[in-house]
Amino acid sequence: MSRPRRILVLGEGYSHDPHHGKTMRGIIRYGPDPVVAIVDSARAGEEHEGIPIVGSVEEAHPFEPTVAIVGVATTGGRFPPEWRLLLRSALEAGLDLESGLHERISEDAELQALARDRGVELRDLRKPPEGLNVPTGANLELDAEIVLTVGSDCAIGKKTVAVELDLEARRRGLRSVFVPTGQTGVAIAGWGMAVDAVVSDFLAGAAERLVVEGAERGGELLFVEGQGSLVHPMYAGVTLGLLHGAAPHLLVLCHLAGATEIDGCPGHPIPPLPDLVDLHERIALRARPARVACVALNTAHLDEGAARHAIEAATDETGLPADDPVRFGSGFLLDAVLARL
């Protein structure tokens with residue numbers, strides 16, 4: 001019999017970091033299953049949003065977890081060397097183990113043997129399915145409206161904005177579906193595909209498969225989680241493949257308020273918001289020329305007055321509705337999307 005899912009998040013060394021710890025934050029905020037504890041030896045004894053942080057898997061035992069999820073997104077998607085012992089300890093404790101990194105735990109001989117011995121499962125959330133191919137054109141034939149979140153950088157809230165808009169749409173009684181395209185989205189929704197792990201030739205086909213499945217799941221309004229950024233020197237490829245394969249009707253442009261340079265890439269400036277709007281609309285699929293409906297700002301680092309000023313400035317700069325859907329609610333931006341549809 002399957003056990004109830006009680007999650008232990010493995011956040012060793014990264015639980016404090018909104019960028020590399022974004023998977024942890026997404027699971028805690030939006031996941032359907034309870035997170036009972038977080039492992040990070042550097043912060044043992046602290047709490048994150050009321051969830052206890054412990055120093056080891058063994059210290060999490062009183063909270064009765066049943067599954068350990070890797071809650072970090074490392075650069076390059078590989079485990080730091082010191083994580084080896086952490087992964088082993090989770091399996092030795094009898095926990096199922098899930099990971100969204102590129103380094104696949106299900107193909108690791110040592111971890112496979114340990115999982116078999118303990119009778120637990122290894123799950124790679126970033127492992128693409130078999131049989132992917134190029135788009136068939138089904139993305140243009142769906143009886144659904146498709147909205148894709150795009151952004152000026154990575155890890156600024158594209159997934160969060162898509163989830164928030166989907167939640168608000170469903171609160172209003174709309175037949176809306178969140179379409180996950182990354183490991184955190186898959187962990188939250190329980191389905192989907194991490195498209196950045198797909199062979200580049202099949203990336204657009206993978207995105208098409210996801211929107212088709214979203215419609216098959218009953219979605220008449222699909223909010224597709226964006227990935228990367230068209231102006232990112234490392235991760236623009238996944239953005240373009242997703243943009244063409246998902247074939248959205250509308251785009252929601254996400255931006256970290258005040259950011260002027262790609263994070264971690266000195267010398268790579270972020271274009272002004274009007275230029276980003278123009279770039280995305282010009283590069284959209286010609287068979288379905290998507291338009292930017294609104295701007296979603298991440299103002300988490302600003303006080304309320306500065307946040308409202310940044311939102312007003314974005315509207316003045318682009319002529320589009322703008323808001324922070326996490327801080328001030330997603331209703332205003334959803335209204336903007338529905339008006340354009």
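Let's see how each residue does on (1) outside any loop (DSSP other than H, G, I, E, B); (2) open to solvent by 20 Å² or more (accessible area, probe 1.4 Å):
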position: A155; (1), (2): no, yes
position: V163; (1), (2): yes, no
position: D166; (1), (2): yes, no
position: A169; (1), (2): yes, no
position: L174; (1), (2): no, yes
position: T184; (1), (2): yes, no
position: M193; (1), (2): no, no
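Taking the criterion of being over 12 Å from the mean Cα position of the chain (by Cα), closer than 23 Å to E103 by Cα and not small (G, A, S), the only residue of region 152-192 that qualifies is W191.
Within region 34-44, the set of residues being farther than 12 Å from G71 by Cα, open to solvent by less than 70 Å² (accessible area, probe 1.4 Å) and out of contact with any Phe, Trp or Tyr (no Cβ under 8 Å at 6 or more places or on another chain) comprises P34, S41, R43, A44. Within region 317-341, being open to solvent by 40 Å² or more (accessible area, probe 1.4 Å) and among the aliphatic types (A, V, I, L, M) holds for V326, L338, A339, L341. From V195, V231, grab the single residue that is at negative phi and under 16 Å from the mean Cα position of the chain (by Cα). Of the residues listed, the single one that is at negative phi and under 16 Å from the mean Cα position of the chain (by Cα) is V195. Only one entry in G11, G26, G94, G71 is more than 17 Å from Q183 (Cβ to Cβ), in contact with a helix residue (DSSP H, G or I) (Cβ under 9 Å, 6 or more places away or on another chain) and touching a residue at least 12 places away in the same chain (Cβ under 8 Å), namely G94. Here are E58, E47, E64: which of them is farther than 18 Å from A90 by Cα, open to solvent by 20 Å² or more (accessible area, probe 1.4 Å) and more than 21 Å from the chain's Cα centre (by Cα)? The conditions single out E47. For region 97-131, the set of residues classified as charged (D, E, K, R) and free of Cβ contacts under 8 Å to residues at least 60 places away in the same chain consists of E103, R104, E107, D108, E110, R116, D117, R118, E121, R123, D124, E130, listed by residue number. Close Cβ contacts (under 7 Å, 6 or more residues apart or on different chains) running from residues in region 323-341 that are under 20 Å from R29 (Cα atoms) and in contact (Cβ under 8 Å) with a residue 60 or more places away in the chain to residues that are among the hydroxyl-bearing types (S, T, Y) and part of a helix (DSSP H, G or I) comprise V326/T160.
Matching residues to (1) farther than 21 Å from A187 by Cα; (2) touching a Pro at 6+ places or on another chain (Cβ under 8 Å); (3) not in a strand (DSSP E or B):
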position: Y14; (1), (2), (3): no, no, yes
position: P18; (1), (2), (3): no, no, yes
position: P52; (1), (2), (3): no, no, no
position: F79; (1), (2), (3): no, no, yes
position: R84; (1), (2), (3): yes, no, yes
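When T66 is tested against (1) touching a Pro at 6+ places or on another chain (Cβ under 8 Å); (2) hydroxyl-bearing (S, T, Y); (3) over 18 Å from A187 (Cα atoms), exactly one condition is not met: (3). Among the residues making up region 107-124, those that are closer than 20 Å to S2 by Cα and open to solvent by 30 Å² or more (accessible area, probe 1.4 Å) are Q112, R116, D117, R118, G119, E121, L122, R123.
The values are calculated or read from the model by the stated rules, or taken from the named source; none is laboratory data. Given the structure is predicted, the values throughout are model-derived calculations rather than measurements. Note that each Cβ is placed from the backbone with ideal geometry, even for glycine, and that neighbours are counted across all protein chains shown. The area values use the complete protein model at the heavy-atom level, side chains included, leaving out ligands, DNA and RNA. Shrake-Rupley method; radii C 1.70, N 1.55, O 1.52, S 1.80 Å.
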